[in-house]
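**Student:** One structure, pasted below without further comment.
The values are calculated or read from the model by the stated rules, or taken from the named source; none is laboratory data. This is a predicted model, so every value here is computed, not measured. Cβ: placed from backbone, ideal geometry, glycine included. Neighbour counts: every protein chain shown. Each accessible area value is taken on the protein alone, full model and side chains, heavy atoms only, with ligands, DNA and RNA left out. Shrake-Rupley method; radii C 1.70, N 1.55, O 1.52, S 1.80 Å.
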Amino acid sequence: EQAVRIIELALERTVAQIRAGMTERELSRILSDEVVAAGGDGESFGNLVASGPNGANPHHNNSDRPFQPGDLIVIDC
């Protein structure tokens, strides 16, 4: 239950920071930092942030693709 609370808070804070022009890699770093800020020791696995056409790839590596207005963003953490 504690882990769920930490991730929910980290995701809420992370999603609030999403802006067009931000990259997948930037959002990934924000998410990692927010997990620790919410009380976690760190992530149990590297998170995945995929936007636009990258969202269809379940094994995507976070990239420098900037978010475009209207992009679907997939976050796995």
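**Student:** Any residue in region 52-72 that's touching a residue at least 24 places away in the same chain (Cβ under 8 Å) and in a loop (DSSP other than H, G, I, E, B): show its pairings with residues that are open to solvent by 100 Å² or more (accessible area, probe 1.4 Å) and of a type in the set (Lys, Arg) at Cβ separation under 6 Å, as long as the two are six or more apart or on different chains.
**Tutor:** ASN62/ARG25; ASP64/ARG25
**Student:** So which of ILE30, ILE18, ILE75 is part of a loop (DSSP other than H, G, I, E, B) and under 10 Å from the mean Cα position of the chain (by Cα)?
**Tutor:** ILE18
**Student:** Please list, ordered by first then second residue, the pairs with beta carbon atoms under 6 Å, 6 or more apart or interchain, first in region 17-44 and free of Cβ contacts under 8 Å to residues at least 12 places away in the same chain and hydrophobic (A, V, I, L, M, F, W, C), second assigned to a loop (DSSP other than H, G, I, E, B) and open to solvent by 30 Å² or more (accessible area, probe 1.4 Å).
**Tutor:** From residues that are free of Cβ contacts under 8 Å to residues at least 12 places away in the same chain and hydrophobic (A, V, I, L, M, F, W, C), there are no pairs.
**Student:** Still on this structure, I have one more. May I ask you to list the residues in region 37-62 that are polar (S, T, N, Q) and touching a strand residue (DSSP E or B) at 6+ places or on another chain (Cβ under 7 Å)?
**Tutor:** Passing the criteria: ASN47, SER51, ASN57, ASN62.
**Student:** Do we find that GLY46 is open to solvent by less than 50 Å² (accessible area, probe 1.4 Å), at pLDDT below 95 and either part of a loop (DSSP other than H, G, I, E, B) or in contact with a Cys (Cβ under 6 Å, 6 or more places away or on another chain) (or both) in this structure?
**Tutor:** No: the conditions fail for GLY46.
**Student:** Which residues, taken from region 12-65, are of a type in the set (Gly, Ala, Ser) and closer than 22 Å to GLU1 by Cβ?
**Tutor:** SER32, ALA37, ALA38, GLY39, GLY40, GLY42, SER44
**Student:** Going through region 56-72 one residue at a time, which ones are surrounded by 10 or more Cβ atoms within 10 Å (Cβ to Cβ) and over 13 Å from the mean Cα position of the chain (by Cα)?
**Tutor:** Of everything in region 56-72, those that are surrounded by 10 or more Cβ atoms within 10 Å (Cβ to Cβ) and over 13 Å from the mean Cα position of the chain (by Cα) turn out to be ALA56, ASN57, ARG65, PRO66, GLN68, ASP71.
**Student:** Can I ask one more? Against the definition (open to solvent by 60 Å² or more (accessible area, probe 1.4 Å) and modelled with pLDDT of 95 or more), how does VAL35 come out, yes or no?
**Tutor:** So VAL35 does not fit the description; no.
**Student:** Let me ask something additional. For region 18-34, which residues satisfy the criterion of being farther than 12 Å from ILE75 by Cβ and not charged (D, E, K, R)?
**Tutor:** Answer for region 18-34, where residues must be farther than 12 Å from ILE75 by Cβ and not charged (D, E, K, R): ALA20, GLY21, MET22, THR23.
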